[in-house]
Amino acid sequence: LETFYARQLRLSPHVLGHSKAHVGRVVAELVRAAKAQGLQPGPLALSLRGDFVRIGSAYEQHKVRSPDCFDILVPLRLPPHLEPQPRSAEGLGPHGAFLCGLRARAGWPRRYRPFADGFCVELQGHSHLSSGLVLRWFQGHLQRCLGAVRYRLQDRCRISLSACPGHPPTLHIVPCSDYVCCHISMAVRLIPAVPLGDALYLTALPPDGPRPAPGPQPPEALWGLNASRQEQRLLGWLKEQAPASSCHLKCLQILKGLRDLRGQGLEEPFCSQWGRVLSSYVLKTALFSLLLQGPLEAWDERFLVERLEDLVLYLRGCLRKQVLMHFFLGNPSLPEALALPRFLKEAAPVNLLAAFDGPTLDLAAFQLINTWIQAPHVIRMYSSPRYLRPAPAP
């Protein structure tokens, strides 16, 4: 396990630091230009707030293999009188997800009608902000601003923007050879986000993610909840409370690596299900839950194998019971030091595994424990060049 971690999973702090700094500079330029070139300033248009929020494993110190992919939230500025409406408690959301609508309040001024026509859809007789229309505007707006930014950055890097329908746009950065010492091409997913306050955001649902239950409502009228900043605060609190040599993030990285290797030997359709059932978010949620169950001193580096086995067994138990609750939604047992927003405290709990059927979760539990028992064999076999899939080109 140590060799596997050192050779295949561990990132160079030097390379990761350079990559994050370079991404930050380029994204700051693009966001600044996009805010300045708002086509319709005022309350009747969408615009960028002017900042951005770094999220994901690259900024939480548990990314594996290569620092070539990053996630950035880009907060938007919306007209007033849009109020969040959680939908999971009303039966309109899917299993395994917490969804929220942004509804125009009763008596929305008539002068906001152009905004409603351009960015809203009807749901249950009320105008709701459409994630699909917002995403389409966001992609086009960034594309229009790319030319000026590309010219300013031509000595540092080459940049381009790509987008698939229904997905956030991806910014591709190819550093110039004489600008940085770490010549890594990077892909940065720029995610438009609606601020809710208290460092909470709403983001568009991915096309392959949880969808609302069948019914008359358009799926793009509902948004997903992003609590990445709360997760980062929790990780910071754990770093303060745990031993300096704590291995909890290393356990998460190794488990992600074993999951990926095991996936090389699985066949469809279960191969795709394996990655979704044991998504990085599910693995991270299981780790959070386990960490708060016992003394943090037990996560010292010298107990790496024992804690990793505990994590595997805990996750197997969740798969067998078909229950792994969202860590922040309606969880009364969180440390008071985190000072969670009221919105999260009062939210309905969500079972992250509810979207999968029993046979799929049973098979995932079997493959998980089998992967752990045969970890040395899995590492030797699927780490060979014939099994390693080439990284997708940016």
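The values are calculated or read from the model by the stated rules, or taken from the named source; none is laboratory data. This is a predicted model, so every value here is computed, not measured. Here the Cβ positions follow ideal geometry from the backbone for every residue, glycine too, while neighbour counts run over all protein chains shown. Ligands, DNA and RNA are excluded from the accessible area calculation, which covers all protein heavy atoms including side chains. Shrake-Rupley method; radii C 1.70, N 1.55, O 1.52, S 1.80 Å.
Assorted remarks:
- With respect to the conditions (1) buried (at least 16 other Cβ atoms within 10 Å of the Cβ); (2) more than 23 Å from HIS62 (Cβ to Cβ), TYR201 lacks only one, and its number is (2).
- Residue within the range 85-98 that is over 21 Å from the mean Cα position of the chain (by Cα) and modelled with pLDDT of 80 or more present: yes
- One residue stands out in the range 267-281 among those that are over 14 Å from ALA354 (Cβ atoms) and touching a helix residue (DSSP H, G or I) at 6+ places or on another chain (Cβ under 8 Å): the one that is surrounded by the most Cβ atoms within 10 Å (Cβ to Cβ), namely LEU278.
- Of note, GLN139 does not satisfy the criterion of being surrounded by fewer than 16 Cβ atoms within 10 Å (Cβ to Cβ) and either under 30 Å from LEU99 (Cβ atoms) or not hydrophobic (A, V, I, L, M, F, W, C) (or both).
- Hits in the range 265-300 - residues which are closer than 24 Å to VAL378 by Cα, of a type outside the set (S, T, N, Q) and outside any helix (DSSP H, G or I): GLY265, LEU266, GLU267, GLU268, PRO269, LEU278
- Condition check for LEU258 on (1) touching a residue at least 12 places away in the same chain (Cβ under 8 Å); (2) surrounded by fewer than 21 Cβ atoms within 10 Å (Cβ to Cβ): one failure, at (2).
- Here the condition is being open to solvent by less than 30 Å² (accessible area, probe 1.4 Å) and either part of a loop (DSSP other than H, G, I, E, B) or in contact (Cβ under 8 Å) with a residue 12 or more places away in the chain (or both); of LEU363, LEU311, it holds for LEU311 alone.
- Residues that are buried (at least 19 other Cβ atoms within 10 Å of the Cβ) and in a loop (DSSP other than H, G, I, E, B), drawn from the range 65-82: PRO67, LEU78, PRO79
- The single condition among (1) touching a helix residue (DSSP H, G or I) at 6+ places or on another chain (Cβ under 7 Å); (2) in contact (Cβ under 8 Å) with a residue 40 or more places away in the chain that LEU292 does not satisfy is (1).
- The combined condition, being out of contact with any Gly (no Cβ under 8 Å at 6 or more places or on another chain), without any contact (Cβ under 8 Å) to a residue 40 or more places away in the chain and either farther than 25 Å from ILE184 by Cβ or among the aliphatic types (A, V, I, L, M) (or both), is fulfilled by ARG136.
- If you go through the range 1-25 and pick out every residue that is in a helix (DSSP H, G or I), in contact (Cβ under 8 Å) with a residue 40 or more places away in the chain and open to solvent by less than 40 Å² (accessible area, probe 1.4 Å), you end up with 8.
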